[in-house]
Amino acid sequence: MTDRPMRPLIKPTVILLLAFYGEGLAPGRSAWLKNGIRSPGRPQETWIDKPQKEWPQITMINQVEYVDKSFPIAACSFLLDTGKEIVAVTAKHVLTYFKSASMTSVSFGDRLKSWVMFPKNNPADTVEIGAIVNEDPAEPIDRLIPSNVDWLLFSIKRKPDHIQPLKFRVDPLQSQEKVFIIGWRYTDKDCPQVVYEGNYVESIDGAVIISTKLLSDNRTPGLSGSPVIDAQGRLIGIMSQKYGKMEKLGSIEYPKRILEARYR
């Protein structure tokens, strides 16, 4: 019997296409594209490929009432799925501006009456916070809170059905990777959450620097505490402060350390 060479099951042209597109042909997976839009094997949220107006509700605003003062709108907030529980998050420097007259540190004592979070366009869908996870009576708030620790984490009393918790990103950011800020400025009146697009620039001392054309000035504050996500829908940072004409985020390293200590 004469041995015959086996015919290839896949034509060379198809092989070249597979090599070029890689895992992007597999359902739910995508090859790396320019500006870090996709990466093979990186976890991706199912909603991220929908139009932005169809994204789930992610961001909320804070409404704070102390025994001596109340603040109907105090920056932005969101929920974080740690894998063990759902916690609420806002920027720690919110306490510098929205506090009881006698507060001097990252601790409420007996001064807080209520702190609720809800979408700006849906006050009925509330999250009521419990205790401060990273409470520290020795940490002063009468100063500029560094971005690398500008996270305030809360336990919550009940998880709402219509607020989408975020999850941490698991791999390093890439230069010029696209990112999304989700929140409201104080000038945004009772509208759905707004999405601002930007790009990752660099990481400095526990902070993340991003550029965005829409936030090149500081005349429209209110986005403090807003989540910043990547193109997979994973959390990369929290809005903290200006950095020249760019934005300086608190990176996810600090809350990871706080939560690791909590779960030991």
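Derivation of every value follows stated rules applied to the coordinates shown; laboratory data play no part. Given the structure is predicted, the values throughout are model-derived calculations rather than measurements. Don't worry about glycine lacking a Cβ; one is built from the backbone with ideal geometry, like all the others, and counts go over all protein chains shown.
Other residues within the sphere of radius under 11 Å centred on the Cβ of Met117, judged by their own Cβ, net out at -1 (K and R +1, D and E -1). Which net charge results for the neighbourhood of Ser155, defined as the other residues with beta-carbon distances under 12 angstrom from its beta-carbon, given Lys and Arg at +1 and Asp and Glu at -1? Overall, the nearby charge balance is +2.
Cβ crowding within 10 Å ranks Lys157, Lys92 as Lys157, Lys92, fewest other Cβ atoms first.
If one computes the Cα centroid of region 103-168 and of region 245-264, what distance in Å separates the two points? That distance is 14 Å. The peptide list 78-89, 117-128, put in order of mean Cβ contacts within 10 Å with the highest first, becomes 78-89, 117-128. Which pairs in the list Lys53/Lys99; Lys157/Lys245; Lys50/Lys84; Lys84/Lys113; Lys84/Lys178; Lys167/Lys245 are over 32 Å apart, alpha-carbon to alpha-carbon? As for pairs spanning more than 32 Å Cα to Cα, those are Lys53/Lys99; Lys157/Lys245. Cβ-to-Cβ counts within 10 Å put Tyr196, Tyr263 in ascending order as Tyr263, Tyr196, the fewest first. Listing His93, His162 from fewest to most neighbouring C-beta atoms within 10 Å gives His162, His93.
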